[in-house]
Amino acid sequence: MFRFYLGLAAKNMWRRKRRTILTAAAIAVGIMYFVMFDSLLAGADRDAQLNTIDFETGHLWVSASGEGDAALEAPARPALEKTIPSAQALAQAIAELSGVAGAAPRLVFPASLIAGLDELPVSAVGVDPGADPQVFHLSQLVSSGRWLEPGEEGIVLGKRIADLLQLEPGDMVTVRTQTAQMAFQAVDLLLVGTVETPHPRVNQSQAFLPLDVAQAVVGAPGSATSIHIRARTALQSPSRRDLGDLVRSIPSVTGWNPGWRVYTWHDAASFRTIGSTKRTFAMILLGLVVIISVIGIVNSILLSTLERVREIGMFKAMGMDERDITIVFMIEGGGLGLLGCALGTVAAIAGNAYFVNVGLSLRAFLGDMDLDIGYPIADRMYGVWNWTTMLWATAVGLAVALAASYFPARRAAWLDPAESLRRL
Amino acid sequence: MPLIEARGLSREYSHGRMTVPALRGVDLDVEAGEFTAVAGPSGSGKTTLLNLIGCLDRPTRGRLTIDGDDVAGYTPSMLAGLRREKIGFVFQTYNLVPVLTAYENVELPLVLLGRHTHSEIRDSVMSMLAEVGLAGLENRRPMDLSGGQQQRVAIARALVKQPRLVLADEPTANLDSENSEAILALMKTLNETKGATFLFSSHDPLVIGYARRLVQMRDGKIALDERR
């Protein structure tokens, strides 16, 4: 009997081709948008994680400030009372722990770059030129000139800063800051190179100088605001659990201060923002898919029942009961949902293939401007293949179609047969 | 025991505060195998009587027994079961499912009974279509058939499950006289060969002339009941 109902539903769907196609197309578009946006957001999530790890935090970091990622940002003035003393020795000790691929101290402080008449506020980052590349990928992304060498009075700028100040390697630049004692301090440094990374904040606001030079400028010899650690793991974005052993073993190194804390990259503010943004976007889009499906299916099945009142009366005269008639119309609704989901999935796969392989250029939307939209992604967002999402979208589309067709189907099922047969 | 036993059957319809009586205390017995016409002018209660006997509607008052079962306490689902098992319907406007072929339309009652194999259904449907003179037209959709052919499909659909009772509401009203006569002849033949009880409504003298029993309705009551 169910097979007969299936055939009947399929024929009835085809009976109103245009309406069927329009309803299915609306569902398909909803599902396609949901899958593609989810793909882009998941891709952005993945790239943001990598950019956060490779250019901002490493897998883990140690901070004396006790305020997590606040240690990564240049404070209004150097919080030198909360720095890590003898930072290079501590970094060395951490680097020797099992499971650690590298550890590098950083001293982050606010500064102004002065080039001729131009002045630009930046986040100055004192780095150990030898140890930093063991944790971060900056040295691999030098766009002009070269990376820093230990002990030199040189500076490497984010490309955007260099462009704004019209500086090239070989130019001199003045770094002005305040010491912990509020005294102004300035130093002239040779621009040795520029870096262009996928992380917009690095390109737009960071200036890198040798750690010893930075320590001298702010009057904090041997200190760092944070120590960054890269774990020895094949995973690009290890979970908190993967990093749990290291988090527990780092405080065992000699010279550890109980007031310091170990953070994982998950604690970075940029990553947390992305997570919640992604969830909000996904929920909004899923909500839209549900609304589109409900309106489309209810409209289609309701019209179908109104057009077929006499047919429903005849079915009841033949001996179909309320359950049978509900099933007939729900199969139709489910069929519409299935068709929409199938079309949507095919369209989503085609669209997503473009996002995965070519990506979506943010510059195409926002123009060649300072791109900091809260994501640690500089230009191109790439999609990912997420088959679970596609299955979920299809399942939700289908479930919504069945649920949406239930009420008009029940309405049809309870029509009075004698009254239905009288209808013209 | 009569196949249909109606006692004091009444049906009233409410229109706002007004109550309109469509049937006023009808008593009627129909024996198995009868070929009965219910005649009368429009509004005399023919269709209401057929709807009540067909369990498509419930009486306001009175008692109805079909094949020995008093249907008063039946739930909608039990009434659907009774219609499925024992009653075949033929409608004035054929009421075929337009997306189904002649074969599929006739197949429907057997599918709903759910106790026949695929080959049994096929044999019954093909044989029924042949009996109503539609052999070779089983794959045509209703829109590809004439009015007379569509009503033949409807008759085949009503009879394929070999019901105890066939109710036909104005079965020839949409047909020309030639087709009307052919349909009536077919119904009579099937009544004689299959033993199915036919109860049909009409106000057409040609149709009434075919009946072996005439029940004349007027103002919701039986004005005349004569066997010929």
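In segment A:394-424, what residues are of a type in the set (D, E, K, R) and more than 11 Å from chain B (Cβ to nearest Cβ)?
Scanning segment A:394-424 gives A:Arg410, A:Arg411.
What number goes with the only condition from (1) closer than 25 Å to B:Glu34 by Cβ; (2) within 9 Å of chain A (Cβ to nearest Cβ); (3) assigned to a loop (DSSP other than H, G, I, E, B) that B:Pro163 does not pass?
(2)
Pairs, please: C-beta under 6 Å, at least 6 apart or cross-chain, first residue more than 7 Å from chain A (Cβ to nearest Cβ) and on the phi > 0 side of the Ramachandran plot and in segment B:85-103, second surrounded by 22 or more Cβ atoms within 10 Å (Cβ to Cβ) and hydrophobic (A, V, I, L, M, F, W, C)?
Cβ pairs passing all conditions: B:Tyr94/B:Ala154.
Is one or more of the residues making up segment B:210-224 closer than 25 Å to B:Ser10 by Cβ, among the β-branched types (Val, Ile, Thr) and either buried (at least 18 other Cβ atoms within 10 Å of the Cβ) or over 17 Å from the mean Cα position of the chain (by Cα) (or both)?
Yes, that holds for at least one residue.
State which residue is modelled with the lowest pLDDT when the search covers only segment A:306-329 and only residues that are under 20 Å from B:Pro76 (Cα atoms) and more than 10 Å from chain B (Cβ to nearest Cβ).
Among residues in segment A:306-329 that are under 20 Å from B:Pro76 (Cα atoms) and more than 10 Å from chain B (Cβ to nearest Cβ), the one modelled with the lowest pLDDT is A:Val309.
Within segment A:330-341, take every residue that is surrounded by fewer than 24 Cβ atoms within 10 Å (Cβ to Cβ) and within 14 Å of chain B (Cβ to nearest Cβ) and give me the one that is nearest to A:Met36 (Cα to Cα).
A:Gly335
Read through the list (1) touching a residue at least 40 places away in the same chain (Cβ under 8 Å); (2) facing another protein chain (nearest Cβ under 9 Å), then give the number of the only condition that B:Ile53 fails.
(2)
Kindly indicate which of A:Ser123, A:Ser143 is surrounded by fewer than 18 Cβ atoms within 10 Å (Cβ to Cβ) and assigned to a strand (DSSP E or B).
A:Ser143
Return a yes/no flag: does segment B:124-133 have any residue that is assigned to a helix (DSSP H, G or I), of a type in the set (Ser, Thr, Tyr) and either more than 13 Å from chain A (Cβ to nearest Cβ) or touching a residue at least 12 places away in the same chain (Cβ under 8 Å) (or both).
yes
Please count how many residues of segment B:61-84 are farther than 24 Å from A:Arg3 by Cα, without any contact (Cβ under 8 Å) to a residue 12 or more places away in the chain and buried (at least 20 other Cβ atoms within 10 Å of the Cβ).
The qualifying residues number 0.
The rows are residues; the columns are (1) assigned to a helix (DSSP H, G or I); (2) surrounded by fewer than 23 Cβ atoms within 10 Å (Cβ to Cβ); (3) more than 10 Å from chain B (Cβ to nearest Cβ).
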residue	(1), (2), (3)
A:Arg3	yes, yes, no
A:Gly7	yes, yes, no
A:Lys11	yes, yes, no
A:Ala28	yes, no, yes
A:Val35	yes, no, yes
A:Leu40	yes, yes, yes
A:Asn51	yes, no, yes
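State which residue is farthest from the other protein chains (Cβ to nearest Cβ) when the search covers only segment B:104-114 and only residues that are under 17 Å from A:Phe2 (Cβ atoms) and assigned to a helix (DSSP H, G or I).
Across segment B:104-114, the extreme among qualifying residues is B:Leu110.
The values are calculated or read from the model by the stated rules, or taken from the named source; none is laboratory data. Every value quoted in this text rests on a predicted model; they were computed, and no experiment measured them. All Cβ positions, glycine included, derive from the backbone under ideal geometry; neighbour counts span all protein chains shown.
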